[in-house]
């Protein structure tokens, strides 16, 4: 078995990979990293989600000269979502190497990209149209380029980017290393490779025939910050007799397992850091149904063959269709029924669609359970338990001592009132009047939606007022809104999402109701509806932003 240590990667990259919880390279990574480190041009054919990003990102980071000026690597992607995803992954892989990666794509104000390019970046990840725009403007220079990657080349072809790609490749220096990654190899992509790549090495990862077991497959769309709350709701609704919960990394297995145990769920953890003796103990407890939940990584769960697993839950969506099929195959065994549940964040919809396409599966979307749904489910389960208890012990005398207690109370109250009071005490149900944390949009996602809609106009408005910055003295205020002053800002790492999240989580004010947010070096202005201002101030005063205690106040009007 190949390990990341076998691939001649430096200590900072290996440390980042380990911290991310990666245990062993995927086949595409094992075959591609060495070729790219050797400077070879390469054509790699592999399905989406097989680990292609790390296959080209790790060797690119390894070969970067962080002291040199200019862009050293250019990665073309078909969509803005993938550009952001790849740039985020590169930042995670290279966090100990002090690299600077920039996603560039249409729909984002170009001035932000221009500022970043002027400051200098090592890696640019972008869509063909916006990259062409920068090349034509002269704001992106490729004379220092060492490596160019075409990611999901067939998708770029399908989207009509072939001419744009040709334009970009004409601007690339002759000695640039090129790598092309594609799920399929249509003739146009083959011609492109023959024209621009020099003696390319071929890497092909054969896709296994994927058949999906006949089990119930469903998914819930959740916000990243609400995933654990959503999971516990689902567990309470489904009440699995035995479930495997899959996480992508060892770190997530540890974190999720700890939080489930803290909430009273019987869970065991399984990942590659456990000794063989510990693995055997965990599996013995799970096989013998001493615990209901097994939280595991893909690697640790390979080869599990346990007939009684009623549910498989993908807490983290798998990175490729093969992994999805492998995971859900742990349930519905030996002729039993099974349920496969996947939690999907908005940014992961594309991966879900890929899984459906590659497996031919139809995965049903369900609404996340509400607190009221959970209460109803618990009541029904409680009634069923009582029915079984009465049926099993009606004639054996074991209920006699409790009958005496019931008869004594029955002399004071009606039997129905006694039973209702006992149910209330035993069920310990949540307050149905309290606001459901899953009913409001995820703060960061809500801001993201609003940000995409009006980011440009808001930035224009802010820039036009740059010269009039005065702490607590801004005269601008939207109609019906009250401006608040918060004593943390850019130097404390504050982002708009932090402000929105703090307000939405603590005060219950929906993210969409929050107005303009102006973040300065050491303070922030935020507009909230007039009728919510006092509530928001009170809520913010008892919370923290970026781990810092804050002192929010009303912004003083000018003069």
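The values are calculated or read from the model by the stated rules, or taken from the named source; none is laboratory data. Keep in mind that this is a model prediction, so the values were computed, not measured. All Cβ positions, even for glycine, are placed from backbone atoms using ideal geometry, and neighbour counts span all protein chains on display.
Just to verify a result, which residue in region 273-298, among those that are touching a residue at least 40 places away in the same chain (Cβ under 8 Å) and buried (at least 16 other Cβ atoms within 10 Å of the Cβ), is nearest to residue 324 (Cα to Cα)?
298
Would you say residue 152 is more than 24 Å from residue 51 (Cβ to Cβ) and surrounded by 13 or more Cβ atoms within 10 Å (Cβ to Cβ)?
no
Looking at residue 533 and the list (1) touching a residue at least 40 places away in the same chain (Cβ under 8 Å); (2) more than 24 Å from the chain's Cα centre (by Cα); (3) within 26 Å of residue 224 (Cβ to Cβ), which single condition is not satisfied?
For residue 533, the exception is condition (3).
What residue, of 504, 497, 532, is over 12 Å from residue 555 (Cα atoms), at pLDDT 85 or above and not in a strand (DSSP E or B)?
Answer to the check: 532.
Among the residues of region 231-251, which ones are surrounded by 20 or more Cβ atoms within 10 Å (Cβ to Cβ) and under 17 Å from the mean Cα position of the chain (by Cα)?
231, 245, 246, 247, 250, listed by residue number.
Need the failing condition index for residue 184 against (1) in contact with a helix residue (DSSP H, G or I) (Cβ under 6 Å, 6 or more places away or on another chain); (2) assigned to a helix (DSSP H, G or I), just the number.
Tallying (1) in contact with a helix residue (DSSP H, G or I) (Cβ under 6 Å, 6 or more places away or on another chain); (2) assigned to a helix (DSSP H, G or I), residue 184 fails exactly one: (2).
Every residue in region 254-279 that is under 19 Å from residue 225 (Cβ atoms) and touching a strand residue (DSSP E or B) at 6+ places or on another chain (Cβ under 7 Å), please.
Scanning region 254-279 gives 254, 256, 257, 260.
Within region 403-423, does at least one residue satisfy the condition of being within 45 Å of the chain's Cα centre (by Cα) and either more than 25 Å from residue 237 (Cβ to Cβ) or in the same structural domain as residue 184 (by TED's automatic domain parsing) (or both)?
Yes - at least one qualifying residue is present in region 403-423.
Within region 543-558, which residues are at pLDDT 85 or above and over 28 Å from the mean Cα position of the chain (by Cα)?
550, 551, 552, 553, 554, listed by residue number.
Can you tell me which residue among 362, 337, 310 is modelled with pLDDT of 90 or more, out of contact with any strand residue (DSSP E or B) (no Cβ under 6 Å at 6 or more places or on another chain), assigned by TED's automatic domain parsing to the domain that holds residue 230 and farther than 22 Å from residue 26 by Cβ?
310
Taking residue 51 as the residue in question, decide whether it is in the same structural domain as residue 192 (by TED's automatic domain parsing), modelled with pLDDT of 90 or more and surrounded by fewer than 20 Cβ atoms within 10 Å (Cβ to Cβ).
No.
Yes/no matrix, rows are residues, columns are (1) touching a helix residue (DSSP H, G or I) at 6+ places or on another chain (Cβ under 7 Å); (2) in a helix (DSSP H, G or I); (3) under 19 Å from residue 85 (Cβ atoms):
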{"site": "156", "(1), (2), (3)": "yes, yes, yes"}
{"site": "163", "(1), (2), (3)": "no, yes, no"}
{"site": "172", "(1), (2), (3)": "no, no, no"}
{"site": "180", "(1), (2), (3)": "yes, no, yes"}
{"site": "195", "(1), (2), (3)": "no, yes, no"}
{"site": "218", "(1), (2), (3)": "no, no, no"}
{"site": "226", "(1), (2), (3)": "no, yes, no"}
{"site": "236", "(1), (2), (3)": "yes, yes, no"}
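Give region 160-191 a look and list any residue that's under 16 Å from residue 78 (Cβ atoms) and either without any contact (Cβ under 8 Å) to a residue 40 or more places away in the chain or not assigned by TED's automatic domain parsing to the domain that holds residue 44 (or both), or say none.
Selection gives 160, 162, 163, 164, 166, 167, 169, 186, 188, 189.
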